[in-house]
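The values are calculated or read from the model by the stated rules, or taken from the named source; none is laboratory data. Every value quoted in this text rests on a predicted model; they were computed, and no experiment measured them. So basically every Cβ, Gly included, is an ideal-geometry build from the backbone, and we count neighbours across all protein chains shown.
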Amino acid sequence: MGVFMTFGSIISWMIISVATGVALVPLLLIAGSLAVFVPTLGYPLTYTVWFAIDITFRSPTADDFAQAQAWLDNRALA
C-alpha cells in the first residue's frame with residue numbers, strides 16, 4: 001500500500017508540474033519534506049486515536065493489568 005501511495009504521489013506531482021509549468025524538482029522537494037514532517041508531527045495524535053479505538057473494541061481485562069504489573073515489577077528489578 002505504501003508503495004502505491006509513494007509512487008502515486010510522485011506521479012501526481014509530475015502531472016502538477018506539467019500542468020502548471022512549475023519545475024519538478026522544487027515540487028518533489030516540497031513533497032519530500034511533507035512526507036517526513038507530516039507523519040512526524042501527526043504521530044502522537046494518530047497513535048492516541050488508534051489506541052482509543054483499540055480500547056473501545058477490546059476492553060482491558062484483569063489479566064492485562066496483571067501482565068502490566070508483572071512487566072513493571074521485572075523492570076524495577078533490572
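Residue by residue, here is whether (1) in a helix (DSSP H, G or I); (2) touching a helix residue (DSSP H, G or I) at 6+ places or on another chain (Cβ under 7 Å); (3) without any contact (Cβ under 8 Å) to a residue 24 or more places away in the chain; (4) at negative phi holds:
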residue: ILE16; (1), (2), (3), (4): yes, yes, yes, yes
residue: VAL36; (1), (2), (3), (4): yes, no, yes, yes
residue: PRO60; (1), (2), (3), (4): no, no, yes, yes
residue: ARG75; (1), (2), (3), (4): yes, no, yes, yes
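For LEU45, are the conditions met, namely being loosely packed, with under 10 Cβ neighbours inside 10 Å and assigned to a helix (DSSP H, G or I)? Yes, satisfied.
Looking only at region 18-34, which residues are of a type in the set (A, V, I, L, M, F, W, C) and either outside any helix (DSSP H, G or I) or within 17 Å of the chain's Cα centre (by Cα) (or both)?
From region 18-34, those of a type in the set (A, V, I, L, M, F, W, C) are 18-19, 22-25, 27-31, 34; that's our starting set.
Matches in region 18-34: VAL22, ALA23, ALA31, LEU34.
Hey, among PHE65, PHE57, which residue is modelled with pLDDT of 85 or more and over 24 Å from the mean Cα position of the chain (by Cα)? Being modelled with pLDDT of 85 or more and over 24 Å from the mean Cα position of the chain (by Cα) holds for just one of PHE65, PHE57, which is PHE65.
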